[in-house]
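Before any comments, here is the structure.
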Amino acid sequence: MTQWRKSSRSATSDNTNCVEVAQLARNIGVRDSKDPAGPKIALPSAEFRVLVDAVKRGEHDLA
């Protein structure tokens with residue numbers, strides 16, 4: 001069974017744009033915490049780190 005966890009940033013804010021992540025066999029899974037049965041994406045670990053770094057720099061608005 002996949003163990004999803006809420007983003008640490010989501011857990012400490014009143015922001016309704018929350019994501020959950022999971023360590024998969026070869027990838028990192030990402031889903032919307034408000035719609036856990038909805039769409040998910042899976043990224044290789046290196047690509048996930050690139051995405052997270054870009055979001056932290058404000059290069060991507062995931063809203």
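Each reported figure results from applying straightforward, stated rules to the coordinates on display, with no laboratory input. Since the model is a prediction, treat every value here as computed from it, not as a measurement. Virtual Cβ from ideal backbone geometry, glycine too; neighbours counted across all protein chains shown.
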Please compute the Kirkwood hydrodynamic radius over region 20-63, one decimal place, Å, based on all pairs of different Cα atoms.
11.1 Å
Working out 0.36 nm times the residue gap between Cys18 and Ile41, then minus their Cα-Cα distance, what length gain in nm do you get to one decimal?
6.8 nm
To the nearest 0.05, how large is the calculated FRET efficiency for Met1 and Lys56 if R₀ is 25 Å and r is the Cβ-Cβ distance?
0.25
Straight-line reach check, Lys56, cutoff 20 Å on alpha carbons, 8 or more apart in-chain or any other chain, hits among lysines -> Lys6
Calc'd 3J(HN,Hα), region 19-36, phi into Karplus 6.51 cos²θ - 1.76 cosθ + 1.60 (θ = phi - 60°), Hz, glycine/Pro = x, comes to 10, 10, 10, 9, 7, 9, 3, 10, 9, 10, x, 9, 8, 7, 5, 7, 9, x
